[in-house]
Amino acid sequence: GFHTDDIHVDLPKLRLPKNPVRPNRSWIPNFATLTSLFFGFSSILASLQAVKEIIVYLTPETMRAGEPQRYLAYAGIFIIAGCLLAFMDGMLARALGVQSEFGKHLDSMADLVTFGIAPGVLFYVVTLFAGHSLPETGVVYNVAHYVPDWLVNNLFLVKLLSFLFPIC
């Protein structure tokens with residue numbers, strides 16, 4: 001007759017790795033960096049929307065209604081949110097042990113937009129807005145008042161560029 005002892009099948013032995021592969025977690029700090037970049041771009045868009053509101057709807061009634069001021073407030077809130085996320089992404093990368101060259105360059109670009117370009121656009125729009133809402137002080141006073149802020153903002157950009165591209 002037929003016996004099960006006559007059937008012989010060689011199955012490969014399943015071996016588990018001694019050091020299991022850890023899941024790729026580098027996306028976590030990169031996601032925080034990209035979100036910071038998103039908030040920087042959102043701040044720029046909110047500032048430009050305030051310019052549109054100032055140019056298109058420049059009447060005393062709409063200025064008192066607070067439409068441009070609302071967009072400028074959003075722009076400031078977006079910059080603050082981007083700052084918080086920019087602070088967190090470096091801490092997350094070190095805590096998770098996933099520092100990379102790509103992450104460093106992405107972080108530098110996000111910092112340029114969130115800390116450099118977005119505040120510069122916001123200061124520029126606030127300067128435009130101040131020229132319209134404070135006519136008794138005049139344009140000369142407003143420009144003299146906001147030029148130091150503009151210089152500080154651009155000095156940050158120069159410092160960041162000198163860090164990214166050192167001259168030997």
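The values are calculated or read from the model by the stated rules, or taken from the named source; none is laboratory data. Because the structure is a prediction, the values reported are computed rather than measured. So basically every Cβ, Gly included, is an ideal-geometry build from the backbone, and we count neighbours across all protein chains shown. Side chains are part of the model used for accessible areas, which takes the heavy atoms of the whole protein and leaves out ligands, DNA and RNA. Shrake-Rupley method; radii C 1.70, N 1.55, O 1.52, S 1.80 Å.
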Query raised in the report: List pairs: first in the range 78-90 and part of a helix (DSSP H, G or I), second at pLDDT below 90, Cβ under 6 Å, 6+ apart or cross-chain?
Result: none
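Go through the residues of the range 52-69 one by one and say whether even a single one is open to solvent by less than 100 Å² (accessible area, probe 1.4 Å) and modelled with pLDDT of 90 or more. Can you show your working first?
So in the range 52-69, the residues open to solvent by less than 100 Å² (accessible area, probe 1.4 Å) come out as 52-54, 56, 58-60, 62-63, 65-69.
If we keep only those that are modelled with pLDDT of 90 or more as well, we get none.
No, the range 52-69 has no match at all.
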Report task. Of the numbered conditions (1) polar (S, T, N, Q); (2) open to solvent by less than 40 Å² (accessible area, probe 1.4 Å); (3) at pLDDT 85 or above, T127 fails exactly one; give the number of that condition. Result -> (3)
Query raised in the report: Is one or more of the residues making up the range 98-113 surrounded by 18 or more Cβ atoms within 10 Å (Cβ to Cβ), of a type in the set (D, E, K, R) and in contact with a Pro (Cβ under 6 Å, 6 or more places away or on another chain)?
Result: no
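Residue-wise test of (1) modelled with pLDDT of 75 or more; (2) among the aliphatic types (A, V, I, L, M).
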| residue | (1), (2) |
| --- | --- |
| G82 | yes, no |
| L96 | yes, yes |
| S100 | yes, no |
| D111 | yes, no |
| E136 | no, no |
| Y141 | no, no |
| W150 | no, no |
